[in-house]
Amino acid sequence: MPADPYGANPLAEEMKARDPLRYEAVAAVKQSPKLFAGGTADVPPFTASGIDPQLLLRLPVGIRHAAAANPDITQVHAWFENYIDQPDAEIDHDGLRAAKLRMAHWLANTDLDTRTPEQRQADDAAEYAQFFNPENDRLTHSIEQKRREEAGEEPLPEFNDLQAQRQWRQNHAAAGGQ
């Protein structure tokens with residue numbers, strides 16, 4: 001279903017139609033940007049010509065930014081006359097380009113990871129430990145072996161012995177623990 005060019009935020013509707021799965025995932029984490037006021041409002045707080053900002057919702061989305069910024073009320077009225085029934089009409093305007101870029105950036109770059117920094121750090125440490133520990137990484141094994149030697153602690157088994165132990169555990173698990 002195409003976006004309603006007269007809706008409050010047709011750019012968001014367009015993005016939702018284009019990539020509904022990504023849109024829903026991002027919207028669950030962060031609200032989509034709106035068209036005006038740096039992405040915080042559907043209409044501007046005021047217009048340069050003095051018309052009621054709510055009237056902009058009667059124009060297609062491609063005309064709203066130009067109409068909001070134009071101080072010439074006769075030109076704005078002409079745009080209402082000429083474009084009110086042309087849903088695809090668009091006047092190139094910095095505000096419209098900025099709104100489109102905000103929306104595209106929001107959809108493409110919103111981080112879906114809702115973990116706290118502490119959770120991320122703990123998860124990263126656990127992942128690191130899973131892959132780089134003395135049991136499965138030759139370099140980490142030698143570093144830990146040297147640390148233990150300098151600290152006067154009991155040394156680790158030889159790396160090849162650790163590999164044999166790990167292989168036995170994998171085979172044992174694959175055989176159902178028999």
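Each reported figure results from applying straightforward, stated rules to the coordinates on display, with no laboratory input. Note that the structure is a prediction, hence the values are computed from the model and not measured. Ideal geometry is used to build each Cβ from the backbone, glycine not excepted, and the neighbour counts take in all protein chains shown.
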Summing +1 for each Lys or Arg and -1 for each Asp or Glu, what net charge is found among the other residues whose Cβ lies under 11 Å from the Cβ of His93?
0
Based on alpha-carbon centroids, what's the gap between region 1-44 and region 116-162 in Å, whole number please?
47 Å
The residues Leu57, Leu107, Leu35, Leu112, sorted from fewest to most surrounding Cβ atoms within 10 Å, come out as Leu112, Leu57, Leu107, Leu35
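What is the extension gain from Val29 to Asn109, computed as 0.36 nm multiplied by their sequence separation minus the C-alpha to C-alpha distance, in nm to one decimal?
27.6 nm
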Taking the chain as a Gaussian network, Cα atoms linked when under 10 Å apart, which of Phe131, Phe80, Phe36 shows the biggest mean-square fluctuation?
Phe131
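List the trypsin sites (Lys or Arg not before Pro) within region 115-153 that fall in a DSSP loop (any state other than H, G, I, E or B) and whose Cβ has at most 12 other Cβ atoms within 10 Å. The partial results should precede the final answer.
Working: sites: Arg115, Arg120, Arg138, Lys146, Arg147, Arg148; in loops: Arg115.
Here the trypsin sites (Lys or Arg not before Pro) that fit, given the DSSP loop and packing criteria, are Arg115.
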Which lysines does Lys100 reach when only Cα atoms under 25 Å apart count, and residues fewer than 8 places away in its own chain are ignored?
Lys16, Lys30, Lys34
re region 10-109: pairs of Cα atoms spaced beyond 22 Å account for a percent value of 31 percent
Per the Cauchy relation, a quarter of the hull surface: what is the mean projected area of the convex hull of the alpha carbons in the chain, in nm²?
18.1 nm²
Between Ala129 and Arg18, what is the label-point separation in nm under the 7 Å Cα-to-beta-carbon projection?
4.3 nm
So how far apart, in nm, are the two label points at Asn82 and Arg147 if each is 7 Å from Cα heading toward Cβ?
7.2 nm
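222 nm [θ] for the chain, helices only, -39500 (n - 2.57) per DSSP H run of 4+, per residue, to 500? Kindly include the intermediate steps, with their values, before the conclusion.
Numbers: 8 runs with 100 residues, N = 178.
One gets -17500 deg cm²/dmol as the mean residue ellipticity at 222 nm.
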